[in-house]
Structure formats: C-alpha cells, structure tokens
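The values are calculated or read from the model by the stated rules, or taken from the named source; none is laboratory data. Just so it is clear, the structure is predicted and the values come from calculations on it, not from any experiment. Here the Cβ positions follow ideal geometry from the backbone for every residue, glycine too, while neighbour counts run over all protein chains shown. Ligands, DNA and RNA are excluded from the accessible area calculation, which covers all protein heavy atoms including side chains. Shrake-Rupley method; radii C 1.70, N 1.55, O 1.52, S 1.80 Å.
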Amino acid sequence: MSESPHPSPEVPETREGWFVLHDCYVVDWPRWRACSAGIEMIAEAQAWLERMQGAARGDSAMYSVVGQKADLLFLHYRDSVEALDEVELSFRRLRLHEFLKPSFSFLSVIELGLYEASAAARRALAARGRRPEDPGYEEAYREELARLTAELDARLFRRIPAQRHLCFYPMSKRRGEQRNWYALSSEERRQLMRGHGQVGARYRERVVQVISGAIGLDSWEWGVDLHADDPLVFKKLVTEMRYDPASAWYAEFGPFFIGIRHPPEDLTELLA
Ligand code: 76R
C-alpha cells in the first residue's frame, strides 16, 4: 500500500489491506424454475467460484443469505479495485447471471485503525526527547510505527475466515448536531475505541471481526464482517456493543445480512 505523509494528527492513522466486495443477489425463481439448461449453468457457475477461490492475491466465498434481502452473497477480497471489477465482469458473463437480480453491494478495503499504535509511537519518541517540530521527527515516527505494526499484515492480507456463519452490515459514525464523531478530538476517539476494543476482546475466541473502511468508496463508512460458528454470538456481541459508548452514541447501521457459508458444489442444492 502506498504511504502518504500523515495529513493531520486529528485524522486517525489506518493500514489498508485487501479491497473487499460484498455482492448480493436474489434469484429470479419463476424464470429459473422454467429454465431447462439449469444443470450446465450451475456447473459453469461452480467452475467460476472455484477459480475465484483459487485467486493468488485474495480470496472468495459464497454464502446463502437467510431472509429476503438476498439469496446469495459473494464475498471477494482482492489486491485492487480493478481486480474486483474483473471478478464482477467475469461473474456477469455467466449464464446464471441472467437469472439473478442484484440486491446489494458494498465496496470497501480491509482496515486496521492505529489509534493505540500511533499514540504509542509518539509516546516512545517523546520519551526519547524528540519533539514533533524537530527535523526528522516524521521519519522517526514512521520508523517507530512500522516497528510497532510489523505483524499487522497477517490481518490485512488474510484469507476469508472459515467460520460457517457470517454477519455483515455497513455502518457509519454519527455526524449529528449533538453527537459528531468527526468533531471529537483524537484523544476522545482513542478513549472510545479503547473501550470498544475491550468489549470486543471478550469475544475473540468466538468471533473473527473484519473491519473494512468505505469512506470515499461506498455509501456507508465501514463494513463490519463477523464470522462465527455459532450465530447466537452475533446477537450477544452486537447487543453488548450497543451499550458501549462508541456504539451507543455514535454508531448508525445499515441492513444486516446473515449468511451461511457454502462450497461451490453446494450451488446445485442452493438453486434446486
Ligand atoms: O483491530 C483490533 O482488533 C483492535 C481493536 C479494534 C478496533 C481499532 C476493534 C476490536 N475494532 C476496531 C475498530 Mn471493532 N467492531 C465494530 C462492530 O455493532 C456495533 O456496535 C459496531 C460494529 C463490532 C461488532 C466490532 C467488533 N470496529 C472498529 C471500527 C473502526 C472505527 C474507527 O476507526 O473509528 C468499527 C466501525 C468497528 C465496528 N471490534 C473489535 C469488534 C471485536 C469483536 C473486536 C475485538 C477483536 C479482537 O480483539 O480480536
């Protein structure tokens, strides 16, 4: 990822990994049931999904969505927006695509907030007597931060977590007159994120969260993906987050999608 000089200490530092596309469809059931070439179309789509899952730089997965918001959700991680566009174009060329109606999509990029690490790097420099206005401070800061975040790549350029259930929703942080996340100081936001992280850490064994940033990419500010074997954990975790100040005061949510992961061969069953 390209590094740009840090714009302002108020803008949180982030690291970005794979670009992410959530691509949701409903099946046009009456037309699909009336179609006689279904078997070949499924085989073609299965071969496509296998190819997508074999991507060298990224990963793909298919989920069956429970409820009416979608029938199928395809989740793709890739190393560029162009690569995601190619995934989408190759999907559109499938004959099965004629029987699918788009119901939702979301473009974002896996993001790790460095609220804690960036503060720790500045503290380490301060302890060494370096002041922000000193020459070479920015470079020293970059080096310190790189040292503190060396192990983050495994989370940024990861495979799609294997857990059977997915809970995906887009969200934003409130920009209201009374409560405005973006008008808080970086220290206030850091405090709130610390509380958030502490609540989350209690679920570490049961949930894998993948946060992707979507500011400038899509109509919400983040995508939240929670991967768990037990879907009840979604309810427990998200409920607990609602009572945490970072969510209680500042979170706004889009639609929730609950999916069950399926390998390509299950398409036959899913479309039966
Ligand atoms: O990345 C890390 O694990 C460090 C701590 C952490 C950050 C920086 C963290 C931990 N999150 C971070 C950032 Mn989270 N998270 C959500 C939601 O439903 C809701 O109320 C909110 C949706 C859940 C359920 C959740 C779970 N997190 C973020 C951000 C970016 C905000 C920003 O930068 O301003 C968002 C939008 C967000 C939302 N979070 C955790 C979890 C869980 C389970 C953890 C602990 C993970 C672990 O410790 O392994």
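Rolling a 1.4 Å probe over the heavy atoms of the protein chains gives the stretch 72-130 an accessible area of 46 Å² per residue. Could you please report the charge total around Leu270, scoring K, R as +1 and D, E as -1 over all other residues with beta-carbon less than 12 angstrom from its beta-carbon? Neighbour charge sum, excluding Leu270 itself: -3. Normalised radius of gyration (Cα atoms, divided by 2.2 N^0.38 Å) for the stretch 74-121: 1.73.
For the stretch 161-212, the square roots of the Cα gyration tensor eigenvalues, ordered a ≥ b ≥ c, give a/c of at least 1.5 with a/b no greater than b/c, which places it in the oblate category. When the solvent-accessible area of the chain is split by element, carbon and sulfur atoms take up 53 percent of it, the probe being 1.4 Å. When a/c is below 1.5 the answer is rounded, else prolate if a/b is larger than b/c, else oblate, so apply that to the chain with a ≥ b ≥ c taken from the square roots of the Cα gyration tensor eigenvalues. The shape class here is prolate. The stretch between Glu98 and Arg242, if pulled fully straight at 0.36 nm per residue, gains 47.8 nm over its current Cα-Cα span. Relative intensity of the stretch 43-156 on a log10 scale, I(q)/I(0) at q = 0.11, 0.16, 0.20 Å⁻¹, equals -0.57, -0.82, -1.08, per a Debye sum over C-alpha point scatterers of equal strength in the absence of solvent. Averaged over its residues, the stretch 135-269 has an accessible area of 55 Å² per residue, based on protein heavy atoms and a 1.4 Å probe. Modelled label positions at Ile260 and Val81, each set 7 Å beyond Cα in the direction of Cβ, lie 3.6 nm from each other. Applying both filters, DSSP loop and at most 12 other Cβ atoms within 10 Å, to the trypsin sites (Lys or Arg not before Pro) of the stretch 127-161 gives Arg128, Arg159. Name the shape class, rounded, prolate or oblate, that the alpha-carbon gyration tensor gives for the stretch 201-272, where a ≥ b ≥ c are the square roots of its eigenvalues, rounded holds for a/c under 1.5, and otherwise prolate holds if a/b is larger than b/c and oblate otherwise. Since a/c reaches 1.5 but b/c is at least a/b, the shape of the stretch 201-272 is classed as oblate. For Asp229 and Trp32, the FRET efficiency from 1/(1 + (r/R0)^6), where r spans their Cβ atoms and R0 equals 25 Å, is about 0.25. Counting only protein heavy atoms and using a 1.4 Å probe, the accessible area of Val26 comes to about 30 Å². Extending 7 Å from Cα along the Cβ direction at Arg175 and again at Arg206 yields two label points whose distance is 3.5 nm.
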